[in-house]
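A.B. asks: I'd like to ask some things about the structure below.
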Amino acid sequence: MFPLLEVESLRVRYDGLFGPVAAADGVSFRVEEGETYALVGESGCGKTATALAILRLVEPGRIEGGRVVFDGRDLLRIPEREMRRVRGAEIGMVFQEAAAALNPVLKVGTQVGESLRIHRGLSRRAAMDEAVRLLRLVALPDPDRHARAYPHELSGGMMQRVMLAIALSCSPRLLIADEPTTALDVTIQAQILSLLRRLKRKMGLTVLAITHDLGVVAENADRVGVMYAGRLVEEAPVADLFRDPRHPYTQGLLRSIPGASPPRAGAGGARPRLPTLAGAVPDPASVPPGCRFHPRCPRAFEPCPRIEPPAVEVGPGRRVACFLEGAATAAGEGRS
Ligand code: SF4
């Protein structure tokens, strides 16, 4: 395998009410050809900003630094005309809210066929035929009829299938799926994820999945990057991460999944309580100094509030940004 996508030291800023806000602050990871890489973290950790920056779609924010190398080209430095080709034709994206992403006044088949007309020069008729084939591929019931329907005539799960058909219309090499099942109920969610796995195998896709759901990660990803407050704090093959999480934030996230750890008895020993992560994700406008997780970290010690821990390799394919993992030595600090 070789990396299809390499993101290096990516920095994305938005202008907040009280000054610039760093949504992604030095994010680095690579996605190997054919794998599913999951970026995981709580809302506001910067995972969606990172995904949008890959496609240069961060406005009204801006990309302030880093590299996004896709198939040998730095996407942050190619002309906009070339970038338009990359979007849709080489990298497909499925957005969180299909209802908001689809155009309410255009028929479904027209929207699925649009990329084919732009990127492949198909005629209106040929694009509609291909749209119906794609809708069948994503298992939309009665694709001939639904190609002629408007988005509001479809259910949430059906609209997400349409989004998938649009994203796959030009046979992209990379599919970015940003919380593709968040707005769906559990049964439909399972159907969409199973469909994604089938399509990935069938089309030889590489997938970058953005999610806050560790259940989705466990069942679908090969490798995982855990983000916190705009930084990647841990990276590991999925089995290693679930078996032996190393960063205290990842450990807290995993402990808070129902069934992943023995519940503690509540007051009076009545109802078991699920462990939770104390505190809240910091406001991106005022991230704490040093390790950004230190105000919530049960294991914080002397250097944590002062120095930002660098990411260090802790095993094959494993990186952790925490002073408990030898980064204290790298920073010239000792544990007190
Ligand atoms: Fe906790 Fe310190 Fe590690 Fe940050 S660097 S996660 S505060 S122990």
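A.B. asks: Take the chain, drop everything but the C-alpha atoms, weight them equally and run the Debye formula without solvent; then report log10 I(q)/I(0) at 0.07, 0.15 Å⁻¹ to two decimals.
C.D. replies: Each listed q maps to, in turn, -0.32, -1.28.
A.B. asks: Using 0.36 nm per residue, how much length does the chain from ARG125 to TYR14 gain when fully extended, once their Cα-Cα distance is taken away?
C.D. replies: Details: separation 111, 0.36 × 111 = 39.96 nm, distance 4.22 nm.
Between ARG125 and TYR14, full extension yields 35.7 nm more.
A.B. asks: Which residue fluctuates most in the GNM of the chain (Cα springs below 10 Å): PRO288, PRO141, PRO245?
C.D. replies: Maximum among the listed residues: PRO141.
A.B. asks: Note the angle between two axes, namely the Cα long axis of helix 186-203 and the longest principal axis of the Cα atoms of the chain, as a number of degrees from 0 to 90, rounded to the nearest 10.
C.D. replies: Roughly 70 degrees, rounded to the nearest 10.
A.B. asks: Can you tell me which lysines have their Cα less than 25 Å from the Cα of LYS47? Leave out same-chain residues fewer than eight positions away.
C.D. replies: Qualifying lysines at Cα under 25 Å: LYS200.
A.B. asks: Note the angle between two axes, namely the Cα long axis of helix 108-120 and the longest principal axis of the Cα atoms of the chain, as a number of degrees from 0 to 90, rounded to the nearest 10.
C.D. replies: The two axes meet at around 90 degrees.
A.B. asks: Still on this structure, I have one more. Using all alpha carbons of the stretch 55-103, what is the percent of pairwise distances in each 5 Å bin, ordered from the shortest bin to the longest?
C.D. replies: The distribution over the stretch 55-103 is 5, 16, 25, 25, 17, 10, 3, given as percents.
A.B. asks: Under a 1.4 angstrom probe, counting protein chains only, how are CYS45, CYS297 ranked by accessible area, largest first?
C.D. replies: I get CYS297, CYS45, largest accessible area first.
A.B. asks: What number comes out for the charge environment of VAL186, summing +1 per Lys or Arg and -1 per Asp or Glu over other residues with Cβ under 15 Å away?
C.D. replies: The answer is -4.
A.B. asks: A follow-up question, please. In the stretch 158-175, which residues have a backbone nitrogen under 15 Å from the label point lying 7 Å from ASN103's Cα in the Cα-to-Cβ direction?
C.D. replies: Counting backbone N atoms under 15 Å from the label point, the list is 163, 166-167.
A.B. asks: Evaluate the Kirkwood expression for the hydrodynamic radius of the stretch 1-93, namely the inverse of the mean inverse distance over all pairs of different C-alpha atoms, and round to one decimal in Å.
C.D. replies: 13.7
A.B. asks: May I pose another question? With all pairs of different alpha carbon atoms counted, what Kirkwood hydrodynamic radius in Å does the stretch 101-162 show?
C.D. replies: This gives a value of 11.3 Å.
A.B. asks: Can you give the log10 of the normalised intensity I(q)/I(0) at q = 0.30 Å⁻¹, computed with Debye over equal Cα scatterers of the stretch 274-321?
C.D. replies: Relative scattering, expressed as log10 I(q)/I(0), comes to -1.09.
A.B. asks: Which of ALA101, ALA321, ALA209 ends up with the largest GNM mean-square fluctuation for the chain, with Cα atoms connected below 10 Å?
C.D. replies: ALA101
A.B. asks: Normalising by the residue count of the chain, find the relative contact order in percent from Cα pairs under 8 Å and 6+ residues apart. Display every interim value, and only then the final one.
C.D. replies: Working: 644 pairs, mean separation 62.3, N = 336.
Result for the chain is 19 percent.
A.B. asks: Keeping every protein chain in place, order THR250, THR182 by accessible area at 1.4 Å, biggest value first, i.e. largest first.
C.D. replies: Descending order: THR182, THR250.
A.B. asks: Report the residue, chosen from VAL21, VAL94, VAL224, that carries the largest GNM mean-square fluctuation when the chain is represented by alpha-carbon nodes joined by springs under 10 Å.
C.D. replies: VAL21
The values are calculated or read from the model by the stated rules, or taken from the named source; none is laboratory data. Fair warning: this is a prediction, and the values are worked out from it, not measured in the lab. Using ideal geometry, Cβ is built from the backbone for each residue, glycine included, and neighbour counts are taken over all protein chains shown. Protein only, heavy atoms only, side chains kept; ligands, DNA and RNA dropped before computing areas. Shrake-Rupley method; radii C 1.70, N 1.55, O 1.52, S 1.80 Å.
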